[in-house]
Amino acid sequence: MDKPRRKVLIISYYWPPSGGIGVLRCLKIAKYLRQFGWEPVVFTAKNAHYPGHDESNFKDIPPGLTVLKQPIFEPYAWYKKFSGKPADANVNNDLVAATDAGSWQHRLAVFIRSNFFIPDARAFWVKPSVKFLLHWLKNNPVDAIFSDGPPHSNTLIACRVKQQTGLPWLADFQDPWTQVDYYQRLHLLPWADAKHRRLEQQALATADALTIVSPTWKRDIERLGARNVHVVPWGYDEADFAGLHFAPDWKLTLTHAGLVGEDRNPTGLWQALAQLAQTEPGFAQVFKLQLVGQVAPAVQAQIARHGLASLVEVRPAVPRAEALQLQFNSQALLLLLNQADNAQGRIPGKLFENLASRRPVLCLGPPGSDVDYILRQTGAGAALAHADVTGIQAALRGFYHTYKAAGNLPSPTDPTAL
């Protein structure tokens, strides 16, 4: 007779039909937990304002999984009306990432978001969610709680439930809280900053264990007083790559799939490409940079300013399976790290999908970072500083000469060798 599975309550704002990389951590954990003797129960938001949708993610939900949903209020619809943006605009990143300094509506919205939506734009979801879960748990006991943040409203909900029930709680951090890159962009009054830090300390002290995605960020959060911290990096699901076959375009295609915000704007790459197109015979005729997903207007303006319209193709977001096939068919892949103080420890989930695609990777980010170490260990590439125009040129020129000689770029080391 099978041993009964222990139950874990997973608290996650992101859940299908959400698209993007943020949904995958909890979704893939829930997909495989039963193999390890745990039955997941997912608590998520009803009618959430996701930055993108991908119906294909539903395929990874285990059959018979219990999914609990609580209605959520978010400020994005109000912000779009207030700022005059289209109703279907993706503004999740606007409230902290955009540099729309000329718009008083934007500045006011960022101020309100910063000081009255703590810890984040889902703040008004916390209290009703805690009330709902405490009531539900009376008749539906679980053995543990797992939360995933950001948004750190998830973390706060789990903290409150832990305090009321005493259940073991594992707090997972895809990104830090007050140490996250965009925290410095919030227009915080002193009392709001103090509240963020008080809630963060409360969570760190209450959690039985914490997981975070990189060794550098582990050390950073331990300096804040976190204890029992473990590194659980992103990874990739082999099932997502089953059936993909390398069928490259005849061009030397460099692909980036995902958001390219202003904090990832690769200005050194634009300079390098413009110079190579002028100085390297034949390069402009065979090279194509493919940006698949949302690209900030400021980034597109720089592409145009450098005269790169014929070399850079901006494509709208596509379902994840299609994005993986595009990566698989590319000669090389582009990985952009945020230009931020904590980029040394940023290991994005996209890195592991790039490794699984078995294509060479050009990464723009801090040399000596956690990502740089992984790329060098796997033989997939190395990280170059965003401003290293000479280094970027040399890497692209190396791709070009190998492509001319062999008609293809060789695959790097087996990603499982890490």
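Summed over qualifying helices (DSSP H, 4 residues or more, each -39500 (n - 2.57)) and divided by its residue number, the chain shows a 222 nm mean residue ellipticity of -11000 deg cm²/dmol. Ordering Gln331, His386, Gly345 by Cα displacement along the dipole of region 262-418 toward the positive end leaves Gln331 in first place; charges were set at the Cβ atoms of Lys, Arg (+1) and Asp, Glu (-1). Remark on region 259-304: ratio of C-alpha radius of gyration to 2.2 N^0.38 Å is 1.23. Measuring nothing but how far apart in sequence close Cα pairs (under 8 Å, 6+ apart) lie, relative to its length, the chain scores a relative contact order of 12 percent. Working from label points 7 Å from Cα in the Cα-to-Cβ sense, the Arg305 to Ala209 distance is 4.9 nm.
What list of whole percents do you get for P(r) of region 125-215, with Cα-Cα distances grouped in 5 Å bins up to the one holding the largest distance? Answer for region 125-215: a P(r) of 3, 13, 24, 23, 18, 11, 6, 2, 0 percent.
What is region 229-381's relative contact order, in percent, from Cα pairs under 8 angstrom and six or more apart in sequence?
It comes to 29 percent, rounded to a whole number.
Summing charges over neighbours of Pro16, with a neighbour being any other residue whose Cβ is under 14 Å away from its Cβ, gives +4 when K and R count +1 and D and E count -1.
Which FRET efficiency, nearest 0.05, do Arg315 and Phe111 yield, Cβ-Cβ r, R0 35 Å? About 0.50, to the nearest 0.05. Longest stretch of the chain clear of exposed loop sites (trypsin sites (Lys or Arg not before Pro), DSSP loop, at most 16 other Cβ atoms within 10 Å, sites excluded): 6-226. Enclosing the Cα atoms of region 282-418 in their convex hull gives a volume equal to 119 cubic angstrom per residue.
In this structure, Asn228 and Ser103 have a Cβ-Cβ separation that, at R0 = 56 Å, corresponds to a calculated FRET efficiency of about 0.80. Each Lys or Arg adds one and each Asp or Glu subtracts one; over the other residues with Cβ under 15 Å from the Cβ of Asp249, this totals +2. Taking other residues whose beta carbon is less than 13 angstrom from the beta carbon of Leu311, and scoring Lys, Arg as +1 and Asp, Glu as -1, yields 0.
Could you give the nm distance between label points at His135 and Val67, where each point is 7 Å from its Cα heading toward the beta carbon? Each label point is offset 7 Å from its Cα along the Cβ direction, giving 2.2 nm. Only the Cβ atoms of Lys and Arg (+1) and of Asp and Glu (-1) were treated as charged; on that basis the dipole of the chain about its Cα centre amounts to roughly 920 debye. For region 125-202, the relative contact order works out to 28 percent when only alpha carbon pairs closer than 8 Å and six or more residues apart are counted.
The Rg/Rh ratio of the chain, with both radii computed over alpha carbons and Rh defined as the Kirkwood radius, is 0.97. Under the simplified labelling scheme, the Ala284-Ala387 pair shows an inter-label distance of 2.8 nm, with each label point 7 Å from Cα along Cα→Cβ. Considering only Ala356, Ala121, Ala247, the mean-square fluctuation computed in a Gaussian network model of the chain, springs between alpha carbons under 10 angstrom, is largest for Ala247. Farthest towards the positive end of the charge dipole of the chain, among the residues His306, Pro51, Phe116, is the Cα of Phe116, using unit charges on the Cβ of Lys, Arg, Asp and Glu. Counting only chymotrypsin sites (Phe, Trp or Tyr not before Pro) that DSSP places in a loop and that have at most 16 other Cβ atoms within 10 Å, the longest clean stretch of the chain runs over 74-245.
Where a number appears in this text, it was derived from the coordinates with a stated rule and is not lab data. This structure is a prediction, so every number in the text was calculated from the model and none was measured. Cβ sites come from the backbone with ideal geometry, for glycine too, and all protein chains shown count toward neighbours.
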